[in-house]
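In what follows, a single structure is set out as structure tokens and then discussed.
The values are calculated or read from the model by the stated rules, or taken from the named source; none is laboratory data. Keep in mind that what you see is a predicted model, and the values were worked out from it rather than measured. Cβ: placed from backbone, ideal geometry, glycine included. Neighbour counts: every protein chain shown.
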Number of protein chains: 2
Amino acid sequence: MEEILSAAYPFWGRLTGDERERLLKSCSMVTYGKGDQIHRSDMGCKGAILLLSGLLRVYILSDEGREVTLFRIHAGESCVLSASCLLDSIQFDVIIEAAEAARAAVIPVSVLHPIMDSNPYVGLYMYKQASERFSDVMWMMQQILFMGVDRRVAIFLWDEMVRRDQPVLRMTHDEIARNIGSAREVVTRVLKYLSEEGAVSLKRGRVEILDRERLQKYL
Amino acid sequence: MEEILSAAYPFWGRLTGDERERLLKSCSMVTYGKGDQIHRSDMGCKGAILLLSGLLRVYILSDEGREVTLFRIHAGESCVLSASCLLDSIQFDVIIEAAEAARAAVIPVSVLHPIMDSNPYVGLYMYKQASERFSDVMWMMQQILFMGVDRRVAIFLWDEMVRRDQPVLRMTHDEIARNIGSAREVVTRVLKYLSEEGAVSLKRGRVEILDRERLQKYL
């Protein structure tokens, strides 16, 4: 465990022996099933999450139940928004959900809090990570505000193909819509268009990329 | 000047005498006219801005020239996005413009950079401030994504009335649109509706709030 934490958290070298021991002792391995909610404003403040495998999705929810994905957390990345109670300047709520089955190392806030107070490098890391997600959100916001939905769908399909290293994406239109912050009907329309163009083929719950070059034209 | 900086920057007490002297010596008073651009990606990295009077507007720009206001900086507040070159994790560009004539104390990046490297409290402050703006942007994003434009216009008028402590707002529909991230035509339609309802009266380049209670219904 020490190896994992010291590689992931750049403040590790700035901790005292006692601080390290407390973090190691309190850190727990947690597994999540696909679709599990990991963090929500009414679930209390869990702690700092270090994702070891799987994929998490961070999103906001409107009063009417509309979801907009802000960013996703990949294996090897950490997430501090699940410890937002420690970050005074973070004044918004997000929901974190396992988009795929996932395994994570979680440091509880009760242990992190006093260490963050006494060691500025820990807070510096936490806020730096939050600022990195700020960049992700700005990118998403620019996409939503300024970019056509056809391009957002194409970019999403392309990124997923590259990430999974295979052309078949097992996802419903609704899941894709929630990932790009759009409506299901709109995504269905765009996918139908892309399939008529021969870029993808559609089956229930899956999208297959048939022609990379053709898809690339929409990026 | 020392009084101003020490009151505004919580890391002041954590600086060495030498660091304080370098900041004081390099800090300059700058004045901006209404509409002046203060920061833009191609203008280089100015430094940390502490606004002493006036109002700044921070916005993004689409390829087609559409503006979306992210947040505004009021007198007494600082802005670190104008020193984003020092913040590795900030990977997006914003434009900062004087929405009203303004006066600011600017600490140049050349002086801030080495101090930030050697003193973790300075970086902690910078990233903490950036995270606070993250909260502002999330609020704006939720407004744009989830809230009707009539409500956004009403909230904007209300906030301006409270801030200026007077019911007359000298602003064009276009300026209001850019502030709430909408289009001029849409704002004009909403204002016309609010004026028919008797909540506001419209004249060229100004909006007057006639009936607070009526306006409040739209908040």
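Computed values, structure above
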{"quantity": "Test result for B:Ile96, within 20 Å of A:Val137 (Cβ to Cβ), among the hydrophobic types (A, V, I, L, M, F, W, C), more than 14 Å from every other protein chain (Cβ to nearest Cβ) and in contact with a strand residue (DSSP E or B) (Cβ under 8 Å, 6 or more places away or on another chain)", "calculated": "yes"}
{"quantity": "Some residue of segment A:116-126 being free of Cβ contacts under 8 Å to residues at least 60 places away in the same chain, surrounded by 16 or more Cβ atoms within 10 Å (Cβ to Cβ), within 14 Å of chain B (Cβ to nearest Cβ) and within 24 Å of B:Met138 (Cβ to Cβ)", "calculated": "yes"}
{"quantity": "Matching option when the condition is of a type outside the set (Val, Ile, Thr) and within 22 Å of B:Ala83 (Cα to Cα), among A:Gln142, A:Gln91", "calculated": "A:Gln142"}
{"quantity": "Residue satisfying all of: in segment B:151-190; at pLDDT 90 or above and in contact with an Asp or Glu (Cβ under 6 Å, 6 or more places away or on another chain); surrounded by the most Cβ atoms within 10 Å (Cβ to Cβ) among these", "calculated": "B:Leu169"}
{"quantity": "Single residue of segment A:127-153 satisfying the filter (touching a residue at least 24 places away in the same chain (Cβ under 8 Å) and in contact with a helix residue (DSSP H, G or I) (Cβ under 6 Å, 6 or more places away or on another chain)) that is farthest from the other protein chains (Cβ to nearest Cβ)", "calculated": "A:Val153"}
{"quantity": "Residues (aliphatic (A, V, I, L, M), within 14 Å of A:Glu208 (Cβ to Cβ) and in contact with a helix residue (DSSP H, G or I) (Cβ under 6 Å, 6 or more places away or on another chain)) located in segment A:154-194", "calculated": "A:Leu169, A:Ile176"}
{"quantity": "Helices (runs of 4 or more DSSP H) lying entirely in segment A:138-219 (those with 1 or more residues that are β-branched (Val, Ile, Thr) and under 24 Å from B:Asp93 (Cα atoms))", "calculated": "A:149-164, A:173-180"}
{"quantity": "Criterion: closer than 22 Å to B:Val122 by Cα and in contact with a Pro (Cβ under 6 Å, 6 or more places away or on another chain) - qualifying residue of B:Gly47, B:Gly13", "calculated": "B:Gly47"}
{"quantity": "Filter pass, B:Val68 being within 11 Å of chain A (Cβ to nearest Cβ) and among the hydrophobic types (A, V, I, L, M, F, W, C)", "calculated": "yes"}
